[in-house]
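Below you'll find the structure, written out as structure tokens, and then a few comments.
The values are calculated or read from the model by the stated rules, or taken from the named source; none is laboratory data. What you see is a predicted model, and the numbers here were worked out from it, not measured in a lab. Glycine gets a Cβ as well: all are built from the backbone with ideal geometry, and neighbour counts include every protein chain shown. Side chains included, ligands, DNA and RNA excluded: accessible areas come from the protein's heavy atoms. Shrake-Rupley method; radii C 1.70, N 1.55, O 1.52, S 1.80 Å.
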Amino acid sequence: MAGESERRNANVVQEILCDIGMVSLYEQFSKQKIDNLETCKALTDSELKTLGLQTIGDRARFRERIVRQTVISSSSAEDHQDTSRRNRVEFLKKVIGTQAKIYIRPIQKNIKVINITEEGPSTLKESCSTCHKLFSITELRDHVNQCSEVDEGYLPDLDIQADVDFESITTAFNEVSTPTLLETSVVPNTPDNTFATAMFESAETHAELEVESVNNSSAPNLNSSAIENQTTLGQSISNIVESTVQYCTQNGIFDPTEILRYFQKKIVTGRKLDIVDETNLLEGKTNFILVDRNRIIESSFEEIKAIEDLRTCLEVQFYGETSVDLGGPRKEFFVLVLQEMKQKFFQPVREWSEDYETVGKIMALSMIQNGKLPRVLTPELMEELFNSGNPRTFINDLRRGLDALGLYTLAVKLPTLMNVFAPGTPSPLTVKKLSHLLHPIFSEEGSNRKKVETAIYSNFVKYMREAASGRRGNVTLNSILQFVTGADEEPLLGYALPPSLCFVLSGTSLLPTSNTCINKLNLFIPEKLEDIPTTDVLFDFYDYSFSNSYFGLK
């Protein structure tokens, strides 16, 4: 039995290495007698590098697969145990992980299920628990915040089938400070905070720099606390804007790139935006959002509206994709959402839309967090945005969105910064420029491997020329750059790590891969020069890869 168990464990390690494309390292693992999950979990970064997992991305994928396999094995072993143990917090944490979202609702007896035959505005209405007047679902939240009859000690009367300690709930909710606890779709780590989030959903308040005066004697304490938090946040941003203006004025800094670089250092909080050293993994607080590529506007607007503190580094994950965002997915997110926003909100302008404040927030986030420049405004809109004393409503909304991170005020006080909003197209990407960006890393001169690498690189240069001339269908030079870095143009503040091109030995596939978080393109090569396929076959591989923008999908 012991021998059978050892073989099963060894097969698991081999399977994990195969899944992450590193099956060639199995022999090295076997030599070091690393043949079970517990040993794999205990390996340090230096030990993994010695075993052949050289990059952060490879090590991250290996550890993620180890954790997943541990959960599967643990679940199988605990199938025979009682239900009460499965409901423990430790078990849920182990299964759910740190990046999961659970969608919950209170248990109710009176839910109505009606077939919707025709799509249109909702006609459902609910009564206010205080004044008992009927309101539509979309109006109810605003009404609850303004209802003059709300008592300070009021709690919503939900039909919850459980005993509730309201005093502990109120205490837990008043201590909430992190943005994620205000998202109704996110389950925090503690049971008290989870329930408090659901109970106080109607009291959620979005961040605004200009807070209207409210009657504190008639509004709930919860609203007063939220307003105080937003006021403090707004004052903090205003102070950073003022200090930036003072610093740039005193030091004669008027280049918009340098202004933005200094402002970024002051305004962004949490985890670092990009990897600056491949050997160190980024850690720190982030605003984690889940977005759908097929509904990029709708899903991203929902997530951005739920963020209370936009200063924190954004972490993006696309539905159904397994990447860990260390900078790459975030940059691609900005490319996709800005492209859709330009078409939907500026070609033509939709003055009646109430979404321009969120549009402004995303534009500000993209500029501050190394995303694509938001070249979506016409000269007429720029003039009205920055110089008009009586702008239209949607322009006021756009100003508020930009000022959620202080960018509108900063551009008014340092006018040269307005140039980053100017319409136009970036300088065209050429074969020369792209080949300089993607610096190839060859093996030692005179080695057999160097000959194979040179032959593969020569074909890649030919492919770039065909893409530049439009002979590779939808693949352009910008498509290749986006595949490598996550963005289809160079960022205004430059790359934290310069892009590179590496050659990787492969006995199975020659499909190029990339790690957008460290801007690395991997071109796979065969062992022998004579094993290089024909140009047509090789170019088909390249077409398939460079036209695919999905992360972590097979």
Inset, instruction - Select from the stretch 238-321 those chymotrypsin sites (Phe, Trp or Tyr not before Pro) which occupy a DSSP coil region and have at most 13 other Cβ atoms within 10 Å, ordered by residue number. - result: Phe254, Tyr319
Legend entry - Two-decimal Rg/Rh across the stretch 435-502, once Rg and the Kirkwood Rh are taken from alpha-carbon atoms: 1.03
Legend entry - For the stretch 351-364, 3J(HN,Hα) per residue [Karplus equation, 6.51 cos²θ - 1.76 cosθ + 1.60, θ = phi - 60°, Hz, x = Gly/Pro]: 4, 7, 5, 9, 9, 5, 5, 5, 4, x, 4, 5, 4, 5
Inset, instruction - Would you kindly derive the ³J(HN,Hα) couplings of the stretch 465-472 from the backbone phi angles with the Karplus curve 6.51 cos²θ - 1.76 cosθ + 1.60 (θ = phi - 60°), listing them in order in whole Hz, with x for Gly and Pro? - result: 5, 5, 5, 5, 8, x, 9, 10
Inset, instruction - Please give the residues of the stretch 12-33, grouped as numeric ranges, whose backbone N is less than 12 Å from a label point set 7 Å along the Cα-to-Cβ vector of Glu64. - result: 20
Inset, instruction - Distance from a point 7 Å along Cα→Cβ of Arg392 to each backbone N in the stretch 309-352: keep the residues under 15 Å and list them by number. - result: 344-352
Legend entry - Unit Cα scatterers, Debye sum, the stretch 288-446: log10 I(q)/I(0) for q = 0.12, 0.16, 0.18, 0.20 Å⁻¹: -0.58, -0.95, -1.15, -1.35
Inset, instruction - Report the paramagnetic label zone for Arg350: residues of the stretch 376-400 whose backbone N is under 18 Å from a point 7 Å from Cα along the Cα-to-Cβ axis. - result: 376-378, 393-399
Legend entry - Two-site FRET efficiency, Lys33 against Glu527, from Cβ-Cβ distance with R₀ of 35 Å, rounded to 0.05: 0.80
Legend entry - Per-q log10 I(q)/I(0), the stretch 477-548, q = 0.12, 0.15, 0.17 Å⁻¹ (Debye; single scatterer per alpha-carbon; no solvent): -0.35, -0.53, -0.66
Inset, instruction - Kindly rank 442-452, 235-245, 29-39 from highest to lowest mean number of other beta carbons found within 10 Å of each residue. - result: 235-245, 29-39, 442-452
Inset, instruction - Express the accessible area of the stretch 477-554 per residue in Å², computed with a 1.4 Å probe while the remaining protein chains stay in the model. - result: 45 Å²
Inset, instruction - Of the DSSP beta bridges with both residues in the stretch 393-524, give the percent that are antiparallel, rounding to the nearest 5. - result: 25 percent
Inset, instruction - Determine the percent antiparallel among the DSSP beta bridges restricted to the stretch 452-533, to the nearest 5. - result: 35 percent
Legend entry - Extension reserve of the Thr322-Leu492 stretch, reckoned as 0.36 nm per residue once the Cα distance is removed: 58.4 nm
Legend entry - List Ser435, Ser547, ordered by accessible area with a 1.4 Å probe, largest first: Ser547, Ser435
